[in-house]
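Structure, as structure tokens:
Any read-out appearing in this document is the output of simple, stated calculations on the displayed coordinates, not a laboratory observation. Bear in mind that the values here come from a model prediction, so they are computed numbers and not experimental data. Cβ coordinates were reconstructed from backbone atoms using ideal geometry, including for glycine residues, and neighbour counts include every protein chain displayed.
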Amino acid sequence: MPHAHMSARAMKHRDRFSLAAWCGALVAGGLILIAASSPTVASEPLDSAPTWHGGFARIEITPEFPLGMAGYGGRSEQASESLTPLFAKAMVLEDASGQRLVLVTLDLVGIHREQAQQLRTLIACTQSTDPERVVLACSHTHTGPVVGQNLGAMHYWRMDEAGQAAVDRYAARINELIPTVVEQAEERLAPITLSWGLGDCPLAVNRRNNSEPNVPMSRAAGELRGPVDHRVPVLAARDSDGELIGIVFGYACHATVLSSTQWSGDYPGFAQAALEERFPAAVAMFWAGCGADQNPLPRRTNELARHYGERLAGSVESVLRTHELRVLAPQTTASRETLPLAIDAETDLEFWRGQLGADDSFQRGRARYILESLDEDGAIPTAYPYEVVGWVLGQEASVDADADGDSRQVAWVFLGGEVVVDYSLALRQWESPPAGSANRATGFDSVWVTAYANDVMAYIPSRRVLAEGGYEGGGAMLYYGLPGLWTESIEGDIQESVARMLESDLTHRPPLPRLDD
């Protein structure tokens, strides 16, 4: 699919389109709308205080026919058997003013920008909301199917005609199932309380700084190296009877325990299943954080995948059962920007035509992908339209409010691509100091960063990782089909975009401090 082409000025402009414009564009684009279910009239809350309304649902998306597997370039065989089922799960939240947020979590390695845009636009129309209020978040399991053009340079273009047809058929099926599960969640809208907490799970290992065979010994000696983010953000929804009906949690680590040819959600799938077994009325939803340079180590066995999943579920359960949760007021904001992330691209078409005859199949695949993805002027794109979405849950405290430790706002950032851990660690600098601190009024109570959201187009290195090089720093661009490396401005551009969105929610606080260059 061709990259979207627009001027840098247009891409940097805040995307604020009306619902009518989006729905009109959707119809004009030829995507068939699925009929929305009739609006559900939710029962009144037990008291007159403003409240959230929420609904959760799950639907199985395990392929029903043999299909190529995504994630590893050296694995060419199709899968037809399952270790665990794959799911799409939906959360529909409605705040006290009637504004909705929709989160869909997917047991998939990724989704392509164009397919995600169509789905989000459709969902926004049926939910009477805006596209920035709809997010598709992939777990990045490496034992899931190839989905449309995602990782097309690695998978799609190496398949024969029958294999490509199967991938297209599955992508069409996903286009049916995802709106369906959102509608099912909408049908279950009812008054809820929404709360959040943080757990910890020392599972992820920085794979750039630790040799995989040496990890057990290094862990035992306390000598693991490199940055990690072991936090486990937890969002809990309880109905009017206090029963847990929704658990949304994240973790920053690759879903790469398994590399077999059996479908599975890897350790995130086992974690979700464990929580749903322990809390039978709840839908458990996993989102992947900034774990592009993090691996679960050691790995490669079903027993380890189950073990890691149960460890992560245990961290979530500890937060839920020990009541380490803070209630969120029913207020939301959402915004987005599309950035022209610069690529140091090879723009000579003859170079790429020559690559069609390369010995390496991945080089041939990238060349074919690039030549079929020229912009509207027939040139190699030198920037990628990268979307950043920001949600804020809860109500901001006034500047003279008592610093009693109650939760006021959670900032939730959604980034596309495989984002390295440096981003989540940096953005956490915008969290408030602990209760009672002199600078309590600056920042948010917690900042969460979801990666692999809405578009998985490449690795997103920090400036440090880009300079160091290696797979995450640039080597993976071959498999994603981009015509060069990102430029060193990538980290600053993304951080500034997040700051612009979140500062609009800090009406009673000083501006966010600028992150170090």
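At a 10 Å Cβ-Cβ cut-off, how would you order MET477, MET217, MET501, fewest neighbours first?
Details: MET477 19, MET217 10, MET501 23.
Ordered from fewest to most neighbouring Cβ atoms within 10 Å, MET477, MET217, MET501 come out as MET217, MET477, MET501.
For a quick check: with amide H placed at 1.01 Å from N, whose amide H comes under 5 Å from GLU431's, ignoring anything fewer than 5 positions away on the same chain?
Here the answer is PHE444, since their amide H atoms fall under 5 Å of that of GLU431.
With only Lys, Arg, Asp and Glu charged, each at its Cβ (+1 for the first two, -1 for the last two), find how big the charge dipole of the range 222-328 is about the Cα centre; round to the nearest 20 debye. Could the numbers behind the result be given before it?
On the way: 10 positive and 13 negative charges, 53 e Å.
For the range 222-328, the charge dipole is close to 260 debye.
Quick query: amide H of LEU86 versus all other amide H atoms, modeled in the peptide plane; which residues come in under 5 Å with a sequence gap of 5 or more or a different chain?
Amide H neighbours of LEU86: ILE61, THR62.
Once you sort the root eigenvalues of the Cα gyration tensor of the range 241-378 as a ≥ b ≥ c, which label holds: rounded (a/c under 1.5), prolate (a/b larger than b/c) or oblate (the other case)?
Details: a/c = 3.47, a/b = 1.79, b/c = 1.93.
Judged from the Cα gyration tensor, the range 241-378 comes out oblate (a/c at least 1.5, b/c at or above a/b).
Using a simple charge model, +1 on the beta-carbon of Lys and Arg, -1 on the beta-carbon of Asp and Glu, nothing else, what dipole does the range 87-243 show about its Cα centre, in debye to the nearest 20?
Working: 15 positive and 20 negative charges, 122 e Å.
For the range 87-243, the charge dipole is close to 580 debye.
ILE59 to ALA221: extension gain in nm, 0.36 nm per residue of separation minus the Cα-Cα distance?
On the way: separation 162, 0.36 × 162 = 58.32 nm, distance 4.34 nm.
Computed gain between ILE59 and ALA221 is 54.0 nm.
For the range 162-179, in order, what is each residue's ³J(HN,Hα) by Karplus, 6.51 cos²θ - 1.76 cosθ + 1.60 with θ = phi - 60°, in whole Hz (x at glycine and Pro)?
Using θ = phi - 60°, the values come out as 5, x, 4, 4, 5, 4, 5, 5, 5, 4, 5, 5, 4, 5, 8, 6, 5, x Hz.
Counting other C-beta atoms within 10 Å, which of ILE61, ILE343 has the fewest, and how do the rest follow? Present the calculation step by step, with values, prior to reporting the outcome.
On the way: ILE61 24, ILE343 21.
Lowest to highest Cβ neighbour count: ILE343, ILE61.
Using +1 on the beta carbon of Lys and Arg, -1 on that of Asp and Glu, and nothing else charged, what's the dipole of the range 87-170 about the Cα centre, debye to 20?
On the way: 7 positive and 9 negative charges, 14 e Å.
Result for the range 87-170 is approximately 60 debye, rounded to the nearest 20.
Can you compute the radius of gyration and Dmax for the range 164-248, using only the Cα atoms, both in Å?
20.8, 52
Compute the Cα gyration tensor for the range 299-380, then decide on rounded, prolate or oblate, letting a ≥ b ≥ c be the square roots of its eigenvalues: rounded whenever a/c is under 1.5, prolate when a/b is larger than b/c in the other cases, and oblate in all that remain. Walk me through the numbers before you get to the answer.
Numbers: a/c = 5.85, a/b = 1.81, b/c = 3.24.
In terms of gyration-tensor shape, oblate.
Please compute the modelled spin-label separation between ASP241 and GLU496, points set 7 Å along Cα→Cβ, answer in nm with one decimal.
5.4
Mind ordering 328-334, 238-244, 445-451, 187-193 by average Cβ neighbours within 10 Å, highest first? Before the final figure, lay out the partial values.
Numbers: 328-334: 21.9, 238-244: 14.3, 445-451: 24.6, 187-193: 19.1.
Going from most to least packed, we get 445-451, 328-334, 187-193, 238-244.
Please order THR141, THR256 by the number of other Cβ within 10 Å, starting at the fewest.
Values: THR141 32, THR256 23.
Exposure proxy ranking, most exposed first: THR256, THR141.
Shape call for the range 187-290 from the C-alpha gyration tensor, a ≥ b ≥ c root eigenvalues: rounded (a/c under 1.5), prolate (a/b greater than b/c) or oblate?
Prolate, since a/c reaches 1.5 and a/b exceeds b/c.
For a quick check: with amide H placed at 1.01 Å from N, whose amide H comes under 5 Å from GLN395's, ignoring anything fewer than 5 positions away on the same chain?
Here ALA329 satisfy the definition.
With point charges of +1 on the Cβ of Lys and Arg and -1 on the Cβ of Asp and Glu, referenced to the Cα centre of the range 220-293, which listed residue (GLN262, PHE286, VAL228) lies farthest in the positive direction of the dipole?
The residue sitting farthest along the positive end of the dipole is VAL228.
Need one number: nm distance between label points at LEU374 and SER259, each 7 Å from Cα along Cα→Cβ, rounded to one decimal.
Label-label distance for LEU374 and SER259, simple model: 3.8 nm.
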